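Structure, as structure tokens:
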Amino acid sequence: QVQLVESGGGLVQAGGSLRLACAASGRTFSGYAMGWFRQAPGKERAFVARISASGLSKAYADSVKGRFTISRDNAKNTVYLQMTSLKPEDTAVYYCASSLNVGHYDYWGQGTQVTVSS
């Protein structure tokens, strides 16, 4: 069992920055790849970024590439999403999730709201 809690969401002006954090409980955090997803009202949940268990491999959706950075601190059982140059279309509830096996996310956080004003 892994429990995930996101934090750091809020209201920000377009062009601004925000840093999300996802704190994980459990004894196996270092063995999980981690991902960030987002969901806007009326839309399906979309992939944002992922990071391997080691932290050596990262990937991003084209829509955020060059603007968002995912990182992790296994000693603190925490994964981060640094968001810069935010756009109104980034407005969504952001979720973190853990993945023990490639392509399958086993545990999800409760989500944190990010609102970008124009």
| Rounded, prolate or oblate: which one fits the chain, using the alpha carbon gyration tensor with axes a ≥ b ≥ c (rounded when a/c is under 1.5, else prolate when a/b beats b/c, else oblate)? | prolate
| query | How much accessible area does residue 57 have with a 1.4 Å probe, in Å² rounded to the nearest 10? | reply | 70
| note | For the range 9-99, the accessible surface attributable to carbon and sulfur atoms (probe 1.4 angstrom, ligands and nucleic acids excluded) amounts in percent to 50
| request: Arrange the residues 99, 118 by how much accessible surface each exposes, largest first, with a 1.4 angstrom probe. | output: 118, 99
| request: Could you calculate the FRET efficiency of residue 7 with residue 56 from 1/(1 + (r/R0)^6), where r is the beta carbon distance between them and R0 is 25 Å, rounded to 0.05? | output: 0.50
| said: At 0.36 nm per residue, and after removing the present C-alpha to C-alpha distance, how many nm does the segment from residue 74 to residue 28 gain when stretched out fully? | reply: 15.6 nm
| said: Just to verify a number: FRET efficiency for residue 117 and residue 63, C-beta to C-beta distance, R0 = 25 Å, to 0.05? | reply: 0.85
| Percent relative contact order of the range 37-118, based on C-alpha pairs within less than 8 angstrom and at least six residues apart? | 24
| Longest segment of the chain with no trypsin sites (Lys or Arg not before Pro) in a DSSP loop having at most 12 other Cβ atoms within 10 Å? | 66-118
| query | Roughly speaking, what is the centre-to-centre gap between the range 57-89 and the range 94-113 when only Cα atoms are used, to the nearest Å? | reply | 14
| If you add up the charges near residue 64, with Lys and Arg at +1 and Asp and Glu at -1, over every other residue whose beta carbon is less than 13 angstrom from its beta carbon, what do you get? | +3
| remark: Comparing 54, 30, 71 in a Gaussian network model of the chain (Cα, 10 Å), the one with the largest mean-square fluctuation is 54
| Roughly how many Å² is the accessible area per residue of the chain, as a whole number, for a 1.4 Å probe? | 53
| On full extension of the chain, what length is gained from residue 43 through residue 102, given 0.36 nm per residue of separation minus the C-alpha to C-alpha distance? | 18.8 nm
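The values are calculated or read from the model by the stated rules, or taken from the named source; none is laboratory data. Please read these numbers as outputs of a predicted model, since none were measured by experiment. For neighbour counting, all protein chains shown are included, and Cβ atoms are generated from backbone atoms with ideal geometry for every residue, glycine included. Calculation scope for accessible area: heavy atoms of the full protein, side chains included, ligands and nucleic acids excluded. Shrake-Rupley method; radii C 1.70, N 1.55, O 1.52, S 1.80 Å.
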